[in-house]
Each structure stands twice: as C-alpha cells, then as structure tokens.
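To start, the structure itself, in structure tokens.
The values are calculated or read from the model by the stated rules, or taken from the named source; none is laboratory data. Model, not experiment: these values are computed from the prediction. Cβ coordinates were reconstructed from backbone atoms using ideal geometry, including for glycine residues, and neighbour counts include every protein chain displayed. Note: accessible area is taken over every heavy atom of the protein model, side chains too, but ligands, DNA and RNA are not part of it. Shrake-Rupley method; radii C 1.70, N 1.55, O 1.52, S 1.80 Å.
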Amino acid sequence: MRHFLLLALLAYGLLLLGLAAVSREWLALALPLVLYLTASLALGPESPRLHIMRTLSAHRVAQDTPVTVRVSVTNQGAPLEELWVEDLLPEGLELRDGQNHALGAVPTGGVLELCYTVSGARGEYAWNELRATASDALGLFRRRRAISLHDRLLVLPGGFPLHRLSIRPQRTHGFAGPAPARLGGPGVEFYGVREYQPGDPLRWINWRASARHPRALFTSEFEQERIADVGLILDARKRSALHVGDQSLLEHAIRAAASLSESFLQDGNRVGLLIYGWFLDWTFPGYGKEQSERILRALARTRAGDSIVFETLDYLPVRFFPPRSQIVIVSPLFGDDVPTLIRLRARGYSVLLVSPDPIAFEISSIPASAEKVLAVRIARLERVLHIRALRRAGIQVVDWAVDKPLDQAMHSALGRLSHLHGVALQQEPLT
Amino acid sequence: MSIVAFWGSLILTSGALALGYAFSQDWPMAALALLAGGGWALAQRRGQAQIAAPMLVGHIALAALGRWFGANGALMLLGVTGALAAWDLQRLCERLAYAPSAQAARDLERVHLARLGLVSALGYLAGLAALIIQVRLHLALLLLLGLFAISGLSYGVRYIRRAGG
C-alpha cells in the first residue's frame with residue numbers, strides 16, 4: 001500500500017505537472033510509472049484460497065525441549081505469484097531453528113512449507129492464527145488473509161527425583177497401599193497383640209506373650225497399609241513468587257508439587273490439587289497416570305496470582321478435601337498463614353508443609369552489608385519461630401533451601417518425624 | 001541475479017541522467033546525478049533498504065528537472081525507468097531473503113525479472129513514443145484530463161484501501 005501510494009503520487013505529480021505546463025515531456029516521464037502501476041493492478045492476485053495444516057512434533061513436552069512445527073500451505077485457488085506466509089508464534093516461545101515465515105510462488109495445488117523449532121519455559125502455549133499475504137510478481141498490490149488455526153503446546157514442569165514418602169493420615173481408604181492405617185491386620189510393621197482366634201496363621205502366634213499366660217495363646221497384629229487421600233495445595237500467590245534474576249521461587253514450588261504428586265500417585269494414593277493464587281484452580285482427586293497428567297497440566301498453567309481475596313490463606317476451602325485426610329501444602333510460609341495452618345490441623349487433617357526457604361533464595365541477590373546480616377538474622381528468627389509454632393501444633397514441616405535437593409530435605413525432615421508419629425517436637429536453635 | 005540486475009539498473013539510471021545533463025553542458029547537475037547514484041549504491045552496500053524510496057523520488061525529480069533545463073528527453077526517460085527498476089529490485093532482494101529454499105528464490109526471481117523487464121521496456125517505449133508523437137489538445141480536453149487524473153487517483157486509493165483490508 002505504501003509503495004503503491006508512493007508510485008501513484010509520483011506518476012500523478014508528473015501527469016499534473018505535464019498538464020499544467022502543457023508539456024508532453026513530463027507526461028512521457030510519467031508513463032513508465034503508470035504502466036508499472038497498471039500491470040501490478042491488472043495482474044494483482046485474487047484473495048488466496050488456502051488449505052493449511054500445522055503439525056507439532058509433540059503437544060506435551062518437558063521444559064526447554066525443542067518442538068518442531070511444520071506448516072503446510074496448499075493453494076486451492078488461482079496461481080499465486082508471491083505468497084508470504086507467517087505463522088504467528090505464541091508469546092513466550094523462543095524460535096530456536098528455522099523461520100516461522102516464508103515467501104514463495106505457489107501454483108494451483110502447489111504447497112509452501114514452513115518448518116521451525118521452538119522451545120519454551122513451563123506453560124501452556126496456543127497458536128491461533130496464520131497470516132497469508134498474496135501479491136503480484138511486482139510485489140505492489142497485496143491481499144491479506146488471517147487464517148484461524150489452533151494448536152496447543154503444553155510445557156510441563158520438570159520434577160525432582162524423590163524416594164518414596166511415608167505419610168500417616170488419620171483416615172485411609174479400603175484398598176491396600178503404602179499409608180499405615182492405624183488398624184491391626186495383615187501388614188509388615190508390628191501393631192499389637194491380641195488373643196488367638198481360630199483361623200489365625202500359626203506363624204503369627206506371639207510365643208513370648210503366650211508363654212506368660214499358660215492357658216491362652218496370643219497372636220501378633222500388624223499395621224494395615226492402605227491408600228490415602230492426599231490434598232496437595234500449591235501457594236501461587238503473588239507474594240510467594242519471589243524473583244531473583246531469572247529464577248522464581250514459584251517455579252521451585254511448582255516443581256516440588258509435581259514431584260510430590262507423582263510420588264503419591266505412584267504409591268496408589270488418591271491425589272487432588274488446589275492452586276491457590278489468582279483464583280482457586282481445583283483438580284478433583286483421582287488415581288493413576290491420568291490424574292498425574294491432569295495435575296501436571298494444571299501445574300503447567302500455573303501463574304502467580306495477585307488477588308486481594310486470596311492474599312492470605314483465610315479462604316482456603318478445606319471442604320475440598322475429605323475429613324482427616326493428608327494435606328500437603330507447598331508454600332514459602334508467611335506469618336499470617338500460621339493460624340490458618342494450625343486451624344487445618346485442629347480440624348483433624350494431617351498437614352505436611354513443604355516450605356521453599358525464601359530467605360536462602362533471596363540472600364544471594366542482596367549485596368553484603370551489616371544491615372543485611374542483621375536483616376537476615378531477624379528474618380530467620382521469625383521463620384524459625386513460625387516453623388516451631390507449626391510443629392508444636394503437630395504439623396510436619398520441611399524447611400527446604402531450594403539450592404539443595406528436595407529429596408534430601410524431605411527425608412531428613414520426615415525421617416526424624418516419623419519416629420514421633422507425625423508430631424514434630426524437636427527443638428531447633430534460633431540462630 | 002536480482003542483485004546484478006539492481007546494480008545494472010542503478011548504473012543505467014545514474015549514467016543516463018548524468019549523460020543527459022552532460023549533453024546540455026549542465027555539469028553541476030550531471031555531478032549531482034552521479035552523486036545521487038553513488039549515495040544509493042552506498043546505502044545498498046550498508047543494507048539501508050529504507051533509502052530506496054527517497055532515492056527513487058530524488059532520481060525522478062532529477063529527470064523532471066532535466067526536462068525543465070532542456071536535457072535530452074530519451075535519456076531522462078531512461079533515468080526514470082532505470083530508477084523504477086532499481087527501486088523494485090532492491091525490494092525484491094529484501095523479499096528473497098525469506099524464500100524457504102534457493103530453488104524457491106530462483107523461481108520468484110525468474111518470474112519477477114521477466115515481468116519487470118517487460119513492464120520497463122513497454123514503459124520506456126511508451127514514453128519514447130509520447131516524446132516523438134505530437135498531439136494537439138484543446139484546453140477543455142486538458143482540463144478534463146486533469147480532473148480525470150485527480151478523481152482517478154482518489155478512486156484508486158479508495159479501491160486499494162478496500163481491497164488491501
């Protein structure tokens with residue numbers, strides 16, 4: 001359009017000048033321009049009729065995994081002397097190889113192909129539109145079309161390797177699983193002794209107890225292990241998403257949540273996910289690989305939310321989770337969250353808090369000074385007090401410095417606590 | 001191929017304009033024509049594609065001035081045709097960078113050069129014919145042609161805007 005106007009103005013300028021001066025020389029100078037414009041207009045393209053196919057090498061990948069996108073544009077209309085095609089990239093995706101646009105002459109039935117490779121950070125990406133511009137061979141007169149063509153790519157959060165986690169919720173389901181059910185029966189761990197009943201296997205007879213009572217036999221009982229309901233809560237509030245350079249604490253929390261859900265689901269538990277941030281993003285509890293996929297999809301979509309309503313954990317909808325089930329919260333922990341978590345515990349839930357340490361995360365970005373030392377000490381003191389209050393209330397807390405492996409933090413915290421049946425009583429130094 | 005054609009067109013336009021002025025002993029304007037051509041060439045070497053439009057306007061202005069100063073009409077016409085071709089080819093070179101393969105670029109280039117060659121030759125011949133053939137026009141017809149030119153321009157712009165979306 002710009003080029004057409006330029007030439008048209010030049011041609012008309014010369015024509016008008018020629019007419020005004022009654023000089024055929026200037027009129028003659030305008031003729032090459034007029035002919036150029038006329039040829040472009042006369043041989044201009046029709047609106048392109050195109051059949052477009054886009055294929056992605058994968059629709060679901062891990063972070064930074066390259067995905068190859070192929071776009072095939074078939075011309076179903078009149079021959080196109082020049083066709084410019086641009087596949088609009090979703091925001092946030094990085095073009096790693098190839099080009100997402102191409103130019104070519106496409107005869108009727110001919111195909112113009114694009115091939116490019118993209119990669120991106122965790123998230124859900126949507127292709128919506130492809131732009132096609134047909135022009136004449138001189139490239140002056142153009143017809144544009146925006147073609148809707150939808151595709152989605154899910155970049156899943158990467159998890160941390162985790163060993164099996166032991167949880168002890170108050171209530172379990174009827175099916176065999178990994179969670180101790182606080183009920184005697186078949187199992188591995190010793191639970192108690194009861195009087196022998198006909199039908200009990202002989203190898204379960206507790207001979208030591210029976211020897212003390214000559215007229216009775218006693219049988220050892222083992223603790224049944226069953227599957228449990230696990231409610232995973234991810235704190236995605238804006239204030240939890242601290243940033244240091246290109247690193248985000250929320251990303252660590254998301255990866256931790258992905259690893260935990262994977263671990264619990266692999267053990268056969270029923271797992272649900274609540275993302276608490278911009279709104280309540282609730283993934284209904286379920287089992288197995290499909291549930292794992294649903295949770296990973298929800299985590300891939302997660303963004304830090306700046307909502308006044310959900311600024312504190314006061315509106316945590318605990319009724320989403322079955323009574324006395326296991327709740328696992330992934331949150332950096334703020335002072336005003338402590339009462340809410342204690343209330344959860346008071347309602348009978350077994351609560352495990354996995355807390356990525358915001359102080360350790362931020363400390364490297366602050367320049368060294370006397371004030372920094374003091375501020376860090378105060379912040380640490382405050383955090384230790386919050387954690388201690390939670391542990392006193394019977395909440396298991398995993399204080400996780402994100403530069404250390406999550407598995408190490410989980411097992412050092414839960415290993416010690418498991419001896420105390422989930423109730424944390426150990427004291428930590430304040431400094 | 002198109003880059004060779006571009007350099008050829010540029011030499012042709014600068015040479016024709018300079019020669020036209022030189023024939024009428026107007027040495028400063030001849031030097032100016034050569035300078036303008038040199039400037040365009042330098043801009044192309046530096047990859048400053050945005051200079052093409054001002055250069056086209058400048059060369060056409062030089063040709064129009066040449067006729068005003070009585071320079072040779074055929075050479076001035078050659079200058080306009082060459083400038084138009086150089087401007088077109090510079091745009092083509094930019095577009096060819098987006099061709100997905102060398103073969104696709106060659107196909108585009110072939111069609112384009114054929115079309116441009118034909119249009120330029122016809123334009124030059126038509127211009128030459130207009131310089132040679134003399135037709136006497138009545139003032140009323142001249143005014144009518146002027147009106148037609150103005151209304152044609154506005155209609156053309158409206159049409160292009162509508163069609164181009």
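Given Cα pairs under 8 Å that are at least 6 residues apart, what percent is the relative contact order of the stretch A:73-165?
30 percent
Cα axis of helix A:2-21 to longest principal axis of chain A: angle in degrees, 0 to 90, nearest 10?
Helix A:2-21 and the main axis of chain A meet at about 20 degrees.
Once all Cα-Cα distances of the stretch B:47-165 are split into 5 Å bins that start at 0, what whole-number percent is in each one?
Calculated over all Cα pairs of the stretch B:47-165, the distribution is 2, 9, 12, 13, 20, 20, 12, 7, 4, 2, 1, 0 percent.
Quick check: the angle from helix A:24-42's long axis to the longest principal axis of chain A, C-alpha only, nearest 10 degrees?
Compared with the principal axis, the helix lies near 40 degrees.
Can you give me the relative contact order of chain B as a percent, contacts being Cα pairs under 8 Å and 6 or more apart?
26 percent
Under 8 Å for C-alpha pairs, at least 6 residues apart: give me the relative contact order for chain A, rounded to a whole percent.
Relative contact order here is 11 percent.
Of A:PHE279, A:PHE222, which has the most accessible area and how do the rest follow, probe 1.4 Å?
On the way: A:PHE279 110, A:PHE222 45 Å².
These residues rank, largest area first, as A:PHE279, A:PHE222.
Using only helices, what value at 222 nm comes out for the protein assembly as shown when you add -39,500 (n - 2.57) per DSSP H run of length 4 or more and divide by the total residues, to the nearest 500 deg cm²/dmol? Mind dumping the intermediate values first?
Numbers: 15 runs with 267 residues, N = 596.
Taking each H run of at least 4 residues, the total per residue is -15000 deg cm²/dmol.
Just by accessible area at a 1.4 angstrom probe, what is the order of B:ILE132, A:ILE308 from largest to smallest?
Per-residue accessible area, sorted high to low, gives A:ILE308, B:ILE132.
Taking Cα centroids, how far is the stretch A:253-320 from the stretch A:4-49 in Å?
66 Å
Would you mind counting up the charge near B:GLY73? Only other residues with Cβ under 14 Å from its Cβ, with Lys and Arg at +1 and Asp and Glu at -1. Can you show the working numbers first?
Numbers: positive: A:ARG24, B:ARG67; negative: A:GLU25.
It works out to a net charge of +1.
Could you name the lysines whose alpha carbon sits less than 23 Å from that of A:LYS372, not counting residues in the same chain fewer than 8 places away?
Candidates past the 8-residue exclusion: A:LYS404.
Only helices at least 15 Å long along their axis, Cα-based, and averaging 1.0 or more on Kyte-Doolittle count here, so list those DSSP H runs from chain B.
Working: long enough: B:2-23 (31 Å, 1.58); B:27-45 (27 Å, 0.81); B:52-68 (24 Å, 1.18); B:73-96 (34 Å, 0.84); B:102-132 (44 Å, 0.88); B:139-164 (37 Å, 1.25).
Helices meeting the criterion: B:2-23, B:52-68, B:139-164.
Plugging the Kirkwood radius over Cα pairs into Stokes-Einstein for the stretch A:1-158, at a temperature of 10 °C and a viscosity of 1.306 mPa s, what D comes out in µm²/s? Before the final figure, lay out each step's value.
Working: Rh = 18.1 Å.
Translational diffusion coefficient: 88 µm²/s.
Mind checking the alpha-carbon convex hull of the protein assembly as shown and giving the volume per residue in Å³?
224 Å³
Roughly how much of B:ILE3 is accessible, in Å² to the nearest 10, using a 1.4 Å probe?
70 Å²
Expressed as an acute angle from 0 to 90° and rounded to the nearest 10, what is the orientation of the C-alpha long axis of helix A:288-301 relative to the principal long axis of chain A?
Roughly 50 degrees between the two axes.
Taking the full set of protein chains and a 1.4 angstrom probe, give the accessible area of A:ARG194 in square angstrom, rounded to the nearest 10.
Counting only protein heavy atoms, the figure is 60 Å².
Hey, any idea what % of the protein assembly as shown's accessible area is carbon plus sulfur with a 1.4 Å probe?
That share works out to 59 percent.
What is the average number of partner chain Cβ atoms found within 10 Å of a Cβ in A:142-152?
Mean inter-chain Cβ contacts per residue within 10 Å come to 1.
List the accessible area buried at the contact between B and A, summed over both sides and calculated with a 1.4 Å probe, in Å² to the nearest 100.
Roughly 4200 Å² of accessible surface disappears when B and A pair.
Scaled to the compact-protein estimate 2.2 N^0.38 Å, what is the alpha-carbon radius of gyration of the stretch A:289-427, rounded to two decimal places?
The value comes to 1.14.
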